[in-house]
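Have a look at the structure below before the remarks.
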Amino acid sequence: MTEKIKTKTKESFFTKDPRFYKTFFRMMIIVALQNLVAYSVNMADNIMLGSYDQSALSGAATVNQIFFMVQQFALSIGNALVVLASQYWGEHRIEPIRTLTGIALKLGIICSVIIIALCTFIPVPLLKLFTDSPEIVEEGLRYLSLIKWTFALFIITNVLMAALRSVGTVNISFYISIVSLIVNVVINYTLIFGKFGFPEMGILGAAVGTFIARILEFVIVLVYIIKVDQKMQLFSGGLFKADKGLRKDYTKVTIPIMLSQVLWGVSVPMQTAILGHLSADAIAANSVATTFYQYLKVIVIAMSSTSAVMIGNAIGRGDMQRIKSDARTMSVIDVAIGLVLGLALFLLRYPLLSLYNLSDTATTMALNLIIIMSFIMVGMSYQMPVSFGIIQGGGDTGFTMKMNMISTWAIVMPLSFMAAFWWKWPVEAVVIVIQSDQIFKGLPTFIRFRGYKWIKKLTK
């Protein structure tokens, strides 16, 4: 149910309230650090398994393709919760947030059961979607046999952290990520290589490390919600209350977000596969360039998450002019941060590449790709936080879904295949095509943003 939002304050282009800037940058920095630590966990796993055995590394990487899709489901369930719950928090209404969290948890558990069942009953066909190597499949099966149980813990933990984020509680997520990194690295080192008197378990040791880290994450967030949190008081009543109205609202928000997130997730390994079929130098150059790009991308993702929470809170408060000024302010900050990130990536290209021992061809290609990524970074820093953060966070989930489905599946994917295999363009040109949506999506995003039709009050 969409309600008209009243004008309470005189309009200004930028928000002048210093509390807005303090809240925005504090939340963005904490979420960025959390994302950075979480990304470092995967990097640490890859480094240790890579130094242990190539087949083990490939097996874990193959299973991580499945986990990547699990992440998309977890993100879509959590992001849908944030869209609605942040508006209720803006209205200072707690019980609907608890009920929405319960609805999201139920959906998360259903998705977890389906995913775990698939990994239990048809693990080989799943792994063969990504590789034909019997050795890699064998290693992947060993890893998947334990890691599949972490999928449910990951989804539930992320739903709970999304609920906390919607009411402005983000510190706990960072602390959880730090603990997870330390525990995962220590156990992986101990069990992969058989240190300190423990048996050498190889890839299974990495699975044990991740399994224990996921259990610890879940326990910490649960204890925090029960013992520390004073905002939501999640278990004070209404968590699993039957509310057809809220369930309908949540479903209406979730479906477009999940379609957008999952279909985009499917396209990512396909884009990687396109480059993987070009040349060994292309694989190496893209891997190196993408690693640096992904580290900076965590800041952009943090801007999106922060924007969604803050714009939802603003809509919940119901001040139309403040919503507009907050949104404009965030969009300008997004561009400014994007310019800084793009410039940093460009200036650091030589020092970063000096860390790798690549062939001359791969080095030249990686340099060119990093330059391309520098420009892509600027476009992405605007369109992603504005489309996924402000517009989707403001309640307009349909626009983002349509734009991403059209750009990915009607434009980028067909052109990428043609550029790589039909026109046989150079690797750099293929990468430009693959990443081009981060630039051209900026125009429809800007037009939709400036129309302010994305401002939708979803609370009842």
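The values are calculated or read from the model by the stated rules, or taken from the named source; none is laboratory data. Quick caveat: nothing in here was measured; it's all calculated off a predicted structure. All Cβ positions, even for glycine, are placed from backbone atoms using ideal geometry, and neighbour counts span all protein chains on display. Protein only, heavy atoms only, side chains kept; ligands, DNA and RNA dropped before computing areas. Shrake-Rupley method; radii C 1.70, N 1.55, O 1.52, S 1.80 Å.
So, in the range 406-424, how many residues would count as being open to solvent by less than 10 Å² (accessible area, probe 1.4 Å) and hydrophobic (A, V, I, L, M, F, W, C)?
Selection size over the range 406-424: 4.
Pairs please, first residue from the range 395-413 and within 26 Å of G318 (Cβ to Cβ) and among the acidic types (D, E), second anywhere and in a helix (DSSP H, G or I) and open to solvent by 60 Å² or more (accessible area, probe 1.4 Å), Cβ atoms under 8 Å, 6+ apart in sequence or on different chains.
D396/R448
If you check every pair at least six apart or on different chains, which have Cβ atoms under 8 Å apart with a residue in the range 246-260 that is on the phi > 0 side of the Ramachandran plot first and a residue that is surrounded by 21 or more Cβ atoms within 10 Å (Cβ to Cβ) second?
Nothing qualifies.
Of the conditions (1) more than 24 Å from the chain's Cα centre (by Cα); (2) over 21 Å from S51 (Cα atoms); (3) of a type in the set (G, A, S); (4) not in a helix (DSSP H, G or I), G168 clears all except one; give me its number.
Among (1) more than 24 Å from the chain's Cα centre (by Cα); (2) over 21 Å from S51 (Cα atoms); (3) of a type in the set (G, A, S); (4) not in a helix (DSSP H, G or I), the lone unmet condition for G168 is (1).
Being under 14 Å from K297 (Cα atoms) and out of contact with any helix residue (DSSP H, G or I) (no Cβ under 6 Å at 6 or more places or on another chain) is the filter here; which residues of the range 340-389 pass it?
V340, L343, A344, F375
The conditions are (1) closer than 17 Å to Y88 by Cα; (2) in contact (Cβ under 8 Å) with a residue 40 or more places away in the chain; (3) open to solvent by 30 Å² or more (accessible area, probe 1.4 Å), and I315 fails exactly one of them. Which is it?
(3)
Filtering the range 96-131 down to residues that are of a type in the set (A, V, I, L, M, F, W, C) and closer than 17 Å to S166 by Cβ, which residue is most open to solvent (accessible area, probe 1.4 Å)?
Among those residues, the one meeting the criterion is L107.
Please specify each residue of the range 107-123 satisfying the condition of being in contact (Cβ under 8 Å) with a residue 12 or more places away in the chain and either closer than 18 Å to T150 by Cβ or among the charged types (D, E, K, R) (or both).
G108, I109, C111, S112, V113, I115, I116, C119, T120, P123
Testing K231 on (1) touching a Gly at 6+ places or on another chain (Cβ under 9 Å); (2) open to solvent by less than 50 Å² (accessible area, probe 1.4 Å), one condition comes back false. Which one is that?
Only one criterion is unmet by K231, namely (2).
Considering each residue of the range 287-312, count those that are among the aromatic types (F, W, Y) and either outside any helix (DSSP H, G or I) or open to solvent by less than 10 Å² (accessible area, probe 1.4 Å) (or both), and give that number.
The initial filter retains those residues of the range 287-312 that are among the aromatic types (F, W, Y), namely 292-293, 295.
Keeping just the survivors that are either outside any helix (DSSP H, G or I) or open to solvent by less than 10 Å² (accessible area, probe 1.4 Å) (or both) gives 293.
Result for the range 287-312: 1.
Inside the range 181-196, can you point out the residues that are polar (S, T, N, Q) and in contact with a Ser or Thr (Cβ under 9 Å, 6 or more places away or on another chain)?
Within the range 181-196, N184, N188 qualify.
Assuming Y382 fulfils every condition listed in (1) farther than 25 Å from N286 by Cβ; (2) open to solvent by less than 50 Å² (accessible area, probe 1.4 Å) apart from one, which condition is it?
(1)
Condition first: crowded, with 21+ Cβ neighbours inside 10 Å, closer than 22 Å to G342 by Cα and of a type in the set (S, T, N, Q). Now tell me which residues in the range 433-460 satisfy that.
Hits for the range 433-460 are Q435, Q438, T445.
Please enumerate the residues belonging to the range 242-267 that are of a type in the set (V, I, T), at pLDDT 90 or above and surrounded by 14 or more Cβ atoms within 10 Å (Cβ to Cβ). Step through it out loud before you land on a result.
Here is the first cut: in the range 242-267, the residues of a type in the set (V, I, T) are 251, 253-255, 257, 262, 266.
In the following step, the residues that additionally are at pLDDT 90 or above were identified as 251, 253-255, 257.
V253, T254, I255, I257, listed by residue number.
Is it the case, given these coordinates, that I225 is in contact with a Phe, Trp or Tyr (Cβ under 6 Å, 6 or more places away or on another chain) and crowded, with 18+ Cβ neighbours inside 10 Å?
So I225 does not fit the description; no.
Which of (1) touching a Ser or Thr at 6+ places or on another chain (Cβ under 7 Å); (2) under 25 Å from V70 (Cα atoms); (3) open to solvent by 40 Å² or more (accessible area, probe 1.4 Å); (4) not in a helix (DSSP H, G or I) does L239 not meet, given it meets every other one?
So the condition that L239 fails would be (3).
Considering each residue of the range 180-205, count those that are open to solvent by 30 Å² or more (accessible area, probe 1.4 Å), more than 21 Å from F154 (Cβ to Cβ) and assigned to a helix (DSSP H, G or I), and give that number.
Adding up the residues that qualify gives 2.
Please go through the range 77-95 and give me each residue that is part of a helix (DSSP H, G or I) and either within 22 Å of the chain's Cα centre (by Cα) or surrounded by fewer than 21 Cβ atoms within 10 Å (Cβ to Cβ) (or both), ordered by number.
Within the range 77-95, I77, G78, N79, A80, L81, V82, V83, L84, A85, S86, Q87, E95 meet the criteria.
Pull up the range 268-286, narrow it to residues that are in contact (Cβ under 8 Å) with a residue 24 or more places away in the chain and β-branched (V, I, T), then point me to the one that is surrounded by the fewest Cβ atoms within 10 Å (Cβ to Cβ).
Here the residue is V268.
Please verify whether the range 145-166 includes one or more residues that are aliphatic (A, V, I, L, M), open to solvent by 60 Å² or more (accessible area, probe 1.4 Å) and touching a helix residue (DSSP H, G or I) at 6+ places or on another chain (Cβ under 9 Å).
no
Output the residues belonging to the range 23-76 that are open to solvent by 50 Å² or more (accessible area, probe 1.4 Å), of a type in the set (D, E, K, R) and either modelled with pLDDT under 90 or at positive phi (or both).
Passing the criteria: only D53.
Does the range 115-136 hold any residues that are part of a helix (DSSP H, G or I), within 27 Å of the chain's Cα centre (by Cα) and closer than 18 Å to D53 by Cα, and which are they?
I136
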